[in-house]
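Quick notes on the structure that follows.
Any read-out appearing in this document is the output of simple, stated calculations on the displayed coordinates, not a laboratory observation. Note that this is a predicted model, so its numbers are computed, not measured. Because the Cβ atoms are built from the backbone with ideal geometry, glycine has one as well, and the counts that use them run over all protein chains shown.
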Amino acid sequence: DTAVSQTPKYLVTQMGNDKSIKCEQNLGHDTMYWYKQDSKKFLKIMFSYNNKELIINETVPNRFSPKSPDKAHLNLHINSLELGDSAVYFCASSSTGTGGYEQYFGPGTRLTVT
Amino acid sequence: ILNVEQSPQSLHVQEGDSTNFTCSFPSSNFYALHWYRWETAKSPEALFVMTLNGDEKKKGRISATLNTKEGYSYLYIKGSQPEDSATYLCASPYSGGGADGLTFGKGTHLIIQP
């Protein structure tokens with residue numbers, strides 16, 4: 001009965017490869033997010049998405065793209081991986097409405113690019 | 001870009017003592033203020049979401065206050081226990097739109113010493 005799940009938990013890959021991280025939530029939320037935890041353990045928003053709009057943090061390279069097959073899933077696809085993409089990526093979900101709803105986080109995916 | 005600041009960066013507290021720390025945020029265009037608790041090797045968990053000036057919320061020994069006019073929130077822990085050791089994050093949504101990613105502060109790393 002995991003609320004927000006991510007796969008894989010660990011991902012080791014080489015520079016230049018394309019990879020995806022999957023996220024699923026069973027909370028019935030209509031908004032999902034991707035955050036990146038950088039080397040200083042700082043959480044930064046990458047994308048937020050609901051069935052009406054995709055909001056992209058303009059600092060995110062266009063090699064990163066979210067893909068949502070349905071309301072319960074928001075996958076993160078990364079093209080041409082670079083060393084600097086190594087980080088922990090967290091998926092989250094919430095209800096929608098003026099930022100006043102708590103977000104539920106997945107367990108994180110540790111991506112290592114070699 | 002929202003600027004959310006937390007202080008102190010880290011804090012050592014003796015078991016049984018009470019403690020508090022601060023989150024400051026822009027007071028203009030305020031929508032909500034979130035507090036999350038983040039234990040090592042886990043994912044962030046929501047403690048409180050506050051939206052109204054003067055809000056005060058409590059969960060067990062942990063409470064939080066909100067001053068939107070001056071742009072700060074305090075988190076209080078009464079009678080600290082070793083299990084309170086964690087990083088405490090505050091965050092605010094980018095905007096009042098429906099799908100709001102959060103801007104997080106860098107956190108206060110709390111260590112409770114037995």
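Assessment of segment B:22-43 against the conditions (farther than 27 Å from A:LYS36 by Cα and assigned to a strand (DSSP E or B)) yields no matching residue. If you go through segment B:9-29 and keep only what is in contact with a Pro (Cβ under 9 Å, 6 or more places away or on another chain), within 25 Å of B:SER92 (Cα to Cα) and not hydrophobic (A, V, I, L, M, F, W, C), you end up with just B:THR22. Mind checking whether some residue in segment A:43-51 is surrounded by 13 or more Cβ atoms within 10 Å (Cβ to Cβ), closer than 21 Å to B:LYS106 by Cβ and not hydrophobic (A, V, I, L, M, F, W, C)? Yes - at least one qualifying residue is present in segment A:43-51.
When B:ASN29, B:ASN20, B:ASN3 are checked against the criterion of being more than 12 Å from chain A (Cβ to nearest Cβ) and loosely packed, with under 12 Cβ neighbours inside 10 Å, B:ASN3 stands alone in meeting it. Evaluating B:ASP100 against the criteria (1) assigned to a loop (DSSP other than H, G, I, E, B); (2) out of contact with any strand residue (DSSP E or B) (no Cβ under 7 Å at 6 or more places or on another chain) leaves one unmet condition, (2). Exactly one residue out of B:ILE112, B:ILE62 is buried (at least 20 other Cβ atoms within 10 Å of the Cβ) and of a type outside the set (Asp, Glu), and it is B:ILE112.
Would it be correct to say that A:SER80 is within 19 Å of B:THR87 (Cα to Cα), more than 9 Å from chain B (Cβ to nearest Cβ) and part of a loop (DSSP other than H, G, I, E, B)? In short, no. Restricting segment A:11-48 to residues that are in a loop (DSSP other than H, G, I, E, B) and at the interface with chain B (Cβ under 9 Å from one of its Cβ atoms) leaves a set whose member that is farthest from B:SER10 (Cα to Cα) is A:ASP30.
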